[in-house]
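Structure, as structure tokens:
The values are calculated or read from the model by the stated rules, or taken from the named source; none is laboratory data. Predicted model, so just to flag it, every value in this text is computed and none were measured. Neighbour counts run over all protein chains shown; Cβ positions are idealised from the backbone, glycine included.
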Amino acid sequence: MDSAVLIVLLIVGLALFFDFTNGFHDTANAMATPIATGALKPKVAVLLAAGLNLVGAFLSTEVSKTISHGIIREDQLTAQTAGDVPLMLPIIFAGLIGAITWNMLTWLLGLPSSSSHALFGGLIGATLVGASAAAIDFGEVLSKVVLPALIAPFTAGVIAFVATKLAYALTRRYDGKPDGRDGFRWGQIFTSSLVALAHGTNDAQKTMGVITLTLIVAGFQDVDQADPQTWVIFACAITIALGTYMGGWRIIRTLGKGLTDVKPAQGFSAEASTASTILASSAFGFALSTTQVASGSVIGSGLGRRGSTVRWRTVGRIAVGWLLTLPAAGAVGGLASLMVVWLGGWGVAIDAVLAAIVITTIFALSRRDEVTASNAMSEVADSGHAVNVKRNPPPTRRSRVAARNARELAEREKSERSESDTKGTSK
């Protein structure tokens with residue numbers, strides 16, 4: 001078999017495995033909050049998310065074009081070779097190894113980090129080491145990756161904060177009453193489904209873009225054809241759906257219980273904010289992190305509910321993971337690329353073996369403290385008493401007026417009794 005064809009097959013297989021890890025890594029984005037509030041049973045939630053991820057993958061290809069015709073200037077690398085294959089192919093291979101390694105590690109730690117940024121970091125690191133900085137379009141990286149990473153979580157958090165405040169303001173009459181806001185659980189089924197659909201329109205496209213870029217570099221697809229081929233769309237859609245069905249229960253536990261105790265109205269607001277932010281970004285081709293958006297929404301909803309406690313230590317751990325994702329995945333991708341530069345085809349083989357060892361080791365470690373659908377959520381949030389109601393709340397204007405009227409009435413009655421007693425005594 002021709003060496004170029006062989007490495008293309010390796011890249012396609014590795015890209016689909018990344019797509020699979022992306023699926024179970026990001027299930028929590030859509031389904032952590034409805035599972036936490038009891039709106040959906042765990043197995044039903046992941047099955048619904050898998051189906052909608054599958055559908056969403058067919059709705060848009062804008063993000064795919066950002067990957068295949070944006071971040072990496074493949075025209076500068078196509079002419080360069082590593083042995084008898086285009087240099088770009090082993091660079092893509094090395095970048096995928098960096099992304100998958102970071103995805104698996106953060107999954108083991110239960111950190112909702114960004115699969116998207118892991119992919120970008122891996123590709124950028126591999127390109128810097130294997131080629132040069134000139135092969136990276138830093139303007140595209142800044143506008144389509146870095147800025148959305150900074151803006152989107154903050155925007156989603158603000159939207160979720162306002163939506164949560166509004167939800168509790170409109171349902172204030174239910175404060176302190178058990179099951180007073182149970183209706184939001186029904187709304188969560190819709191909003192979480194919308195998040196899963198939006199996730200398919202954004203994250204599945206990234207793997208499509210990687211495979212499309214590989215086919216273009218290898219000469220199996222015309223460079224002017226930006227859209228992924230039909231078989232690529234089907235393969236990526238099915239793979240991310242299968243990964244989503246696996247659950248990623250460690251991260252579901254972190255998002256559903258680790259950041260804040262999520263109540264139904266709060267979960268509804270967070271999911272609506274997440275879905276709207278992702279769908280808008282997909283329409284513009286921004287390859288943002290759905291994980292960062294979902295985490296920002298959950299934090300915003302926690303700040304928006306009176307009596308809620310946001311666990312800032314967990315937020316800090318997640319933020320550190322966000323900051324490390326690009327450089328860490330880039331470092332692994334760079335090391336894998338360096339192996340290829342030094343050893344050529346043998347470097348690709350060694351990278352593949354080392355990646356298999358790392359993945360197997362991480363999976364074995366996860367079995368020691370296994371998290372499943374049965375123990376990811378030890379309990380679900382009670383929708384009653386969602387707001388801390390003070391035992392002696394400050395008087396309202398109406399209560400002050402009523403108290404003043406009662407005092408005036410008591411004084412008049414007292415005065416009338418006094419006058420009556422005086423008249424009786426004089427007689």
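Scanning the range 49-84 for residues that are over 29 Å from the mean Cα position of the chain (by Cα) and either at pLDDT 65 or above or part of a loop (DSSP other than H, G, I, E, B) (or both) yields Leu77, Thr78, Ala79, Gln80, Gly83, Asp84.
What about Ala156, is it at pLDDT below 80 and over 28 Å from Ser3 (Cα atoms)? When the stated conditions are applied, Ala156 does not pass them. Could you check, for the range 13-30, whether at least one of its residues is modelled with pLDDT of 85 or more, in contact with a Ser or Thr (Cβ under 6 Å, 6 or more places away or on another chain) and surrounded by fewer than 24 Cβ atoms within 10 Å (Cβ to Cβ)? Scanning the range 13-30, I find at least one residue that is modelled with pLDDT of 85 or more, in contact with a Ser or Thr (Cβ under 6 Å, 6 or more places away or on another chain) and surrounded by fewer than 24 Cβ atoms within 10 Å (Cβ to Cβ), so the answer is yes.
Going by the conditions given, is Ala265 more than 28 Å from Val8 (Cβ to Cβ), buried (at least 24 other Cβ atoms within 10 Å of the Cβ), in contact (Cβ under 8 Å) with a residue 24 or more places away in the chain and assigned by TED's automatic domain parsing to the domain that holds Arg367? Criteria met by Ala265.
Can we say Ser308 is in the same structural domain as Ala356 (by TED's automatic domain parsing) and surrounded by fewer than 24 Cβ atoms within 10 Å (Cβ to Cβ)? So Ser308 passes the test.
Does Asp203 count as assigned by TED's automatic domain parsing to the domain that holds Ala57 and crowded, with 23+ Cβ neighbours inside 10 Å? So Asp203 passes the test. Per the conditions (1) more than 30 Å from Gly258 (Cα to Cα); (2) within 22 Å of the chain's Cα centre (by Cα); (3) not β-branched (Val, Ile, Thr), the sole criterion not satisfied by Gly125 is (2).
Pairs meeting the criteria (first residue in the range 110-134 and under 10 Å from Leu338 (Cα atoms), second residue of a type in the set (S, T, N, Q) and surrounded by 24 or more Cβ atoms within 10 Å (Cβ to Cβ), beta carbons under 7 Å, at least 6 apart or on different chains) are Ala126/Ser337; Val129/Ser337; Gly130/Ser337. The residue that is farthest from Gly200 (Cα to Cα), among those in the range 88-131 that are hydroxyl-bearing (Ser, Thr, Tyr) and at pLDDT 85 or above, is Thr127. Against the definition (in a helix (DSSP H, G or I), closer than 17 Å to Thr27 by Cα, touching a His at 6+ places or on another chain (Cβ under 9 Å) and among the small types (Gly, Ala, Ser)), how does Gly209 come out, yes or no? Against the criterion (in a helix (DSSP H, G or I), closer than 17 Å to Thr27 by Cα, touching a His at 6+ places or on another chain (Cβ under 9 Å) and among the small types (Gly, Ala, Ser)), Gly209 does not qualify.
If you take just the helices (runs of 4 or more DSSP H) that sit entirely in the range 227-316, which of them hold at least 1 residues that are farther than 27 Å from Phe363 by Cβ?
Values: elements: 230-246, 249-253, 264-284, 290-304.
It comes to 230-246, 264-284, 290-304.
Any residue in the range 187-198 that is modelled with pLDDT under 80, in the same structural domain as Asn29 (by TED's automatic domain parsing) and hydrophobic (A, V, I, L, M, F, W, C)? Walk me through it before giving the result.
Kept after step one, since they are modelled with pLDDT under 80, are these residues of the range 187-198: 198.
If we keep only those that are in the same structural domain as Asn29 (by TED's automatic domain parsing) as well, we get 198.
In the following step, the residues that additionally are hydrophobic (A, V, I, L, M, F, W, C) were identified as 198.
Yes, the range 187-198 contains at least one residue that is modelled with pLDDT under 80, in the same structural domain as Asn29 (by TED's automatic domain parsing) and hydrophobic (A, V, I, L, M, F, W, C).
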